[in-house]
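**Q** Input: one structure, supplied below.
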Amino acid sequence: MNKVSAWFLYLIECQDGSIYTGITVDVAARYAAHASGKGARYTRSHPPKRLLASVEYPDRSTALKAEFEIKALPAAAKREFAQSRESTERAPDTVLRISARVAIPLSEIELHAIRAQGAGGQNVNKVASAIHLRFDTVASSLPDFYKERLLGLSDQRITREGVVVIKSQQFRSQEKNREAALQRLQELIAGVAISPRQRKPTKPTRSSQRKRLDSKSKRGEIKALRGRVTD
């Protein structure tokens, strides 16, 4: 039995302009199946126009993970990903995942290496190990719900124009600072999707009412004892 050595993520442009993604071990055979109407249910109702790109991965689980990330992107970002495959063989991380259904293309996030501040030594103040991140929420592909919530936040990391600015310099490694900056951006955006719980007015319990009355009665007795002493 022959062992499958590689899996492929493929992107198909359909005649209506939509992009279909899938994984397979044989791209040519799979595309032929889609084109003949014997592929997926989606391509039977959205006939394929052309194969945009295919990317090789070492195993099925890695290919599935990549497809999950790419599938969440808008069509324009999928096309950009497909075009970038012309110059790169293996796909790196291409999105910052916010939730199961929302992801940001990394191309929308500006990352610049700068020199870290603070005491010198061990490359600090000598090499550009810190990361300066900028993310324009208004111009991004984020759903309007997230944009409105972010613009309504009172957070010093968000400018009046809606640009998120994050600086990460806690690590000596530039790569770790990059990961930390992206994680902080992810946490910021994911946090606005959580609606604060509304407090429901409750009635005082009988026990609390009894305690209040007992306490009031005791205070009254104490005040009565403070009165003027008469013979």
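**Q** I'm trying to understand the selection: among the residues of region 44-79, which are of a type in the set (A, V, I, L, M) and under 16 Å from Y10 (Cβ atoms)? Even if it seems obvious, please write down each step before you answer.
**A** Going through region 44-79, the residues of a type in the set (A, V, I, L, M) turn out to be 51-53, 55, 63-64, 66, 70, 72-73, 75-77.
Residues satisfying the conditions are L51, L52, A53, V55, A63, L64, A66, I70, L73, A75.
**Q** Being modelled with pLDDT under 85 and either in the same structural domain as K147 (by TED's automatic domain parsing) or at negative phi (or both) narrows it down to one of A82, A113, so name that one. Before you say what the answer is, go through the steps one by one.
**A** Values: A113 fails: modelled with pLDDT under 85.
Selected residue: A82, the only one of A82, A113 that is modelled with pLDDT under 85 and either in the same structural domain as K147 (by TED's automatic domain parsing) or at negative phi (or both).
**Q** Which residues, taken from region 186-227, are within 30 Å of I158 (Cα to Cα) and either free of Cβ contacts under 8 Å to residues at least 40 places away in the same chain or polar (S, T, N, Q) (or both)? Even if it seems obvious, please write down each step before you answer.
**A** To start, the set of residues in region 186-227 that are within 30 Å of I158 (Cα to Cα) comprises 186-199.
Within region 186-227, Q186, E187, L188, G191, I194, S195, P196, R197, Q198, R199 meet the criteria.
**Q** Could you tell me whether any residue of region 175-186 is among the aliphatic types (A, V, I, L, M), surrounded by 11 or more Cβ atoms within 10 Å (Cβ to Cβ), in contact with a helix residue (DSSP H, G or I) (Cβ under 7 Å, 6 or more places away or on another chain) and at pLDDT 90 or above? Quick ask: steps written out before the conclusion?
**A** Our first condition is that a residue be among the aliphatic types (A, V, I, L, M); within region 175-186, this holds for 180-182, 185.
Next, only the ones that are surrounded by 11 or more Cβ atoms within 10 Å (Cβ to Cβ) stay: 180-182, 185.
With the extra rule that they be in contact with a helix residue (DSSP H, G or I) (Cβ under 7 Å, 6 or more places away or on another chain), the set shrinks to none.
No; the residues of region 175-186 include none that is among the aliphatic types (A, V, I, L, M), surrounded by 11 or more Cβ atoms within 10 Å (Cβ to Cβ), in contact with a helix residue (DSSP H, G or I) (Cβ under 7 Å, 6 or more places away or on another chain) and at pLDDT 90 or above.
**Q** Additional query: Any residue in region 129-152 that is in contact (Cβ under 8 Å) with a residue 40 or more places away in the chain, touching a Pro at 6+ places or on another chain (Cβ under 7 Å), closer than 21 Å to L73 by Cα and hydroxyl-bearing (S, T, Y)?
**A** Scanning region 129-152, I find at least one residue that is in contact (Cβ under 8 Å) with a residue 40 or more places away in the chain, touching a Pro at 6+ places or on another chain (Cβ under 7 Å), closer than 21 Å to L73 by Cα and hydroxyl-bearing (S, T, Y), so the answer is yes.
**Q** Out of curiosity, is V138 outside any helix (DSSP H, G or I), at pLDDT 85 or above, in contact with a Ser or Thr (Cβ under 7 Å, 6 or more places away or on another chain) and surrounded by fewer than 16 Cβ atoms within 10 Å (Cβ to Cβ)? Write out each step before concluding.
**A** Values: outside any helix (DSSP H, G or I): yes; at pLDDT 85 or above: yes; in contact with a Ser or Thr (Cβ under 7 Å, 6 or more places away or on another chain): no; surrounded by fewer than 16 Cβ atoms within 10 Å (Cβ to Cβ): yes.
Judged against the criteria, V138 is not a match.
**Q** Here's something else I'd like to know. Please specify each residue of region 1-23 satisfying the condition of being over 27 Å from the mean Cα position of the chain (by Cα), of a type outside the set (G, A, S) and within 20 Å of A63 (Cβ to Cβ). Before the answer, list the steps.
**A** So the first thing to find is which residues in region 1-23 are over 27 Å from the mean Cα position of the chain (by Cα), and the list is 1-6, 14-16.
This time we only want the ones that are of a type outside the set (G, A, S), so: 1-4, 14-16.
Of everything in region 1-23, those that are over 27 Å from the mean Cα position of the chain (by Cα), of a type outside the set (G, A, S) and within 20 Å of A63 (Cβ to Cβ) turn out to be N2, K3, V4.
The values are calculated or read from the model by the stated rules, or taken from the named source; none is laboratory data. Model, not experiment: these values are computed from the prediction. FYI the Cβ positions are ideal-geometry reconstructions off the backbone, even for glycines, and counts take in every protein chain you see.
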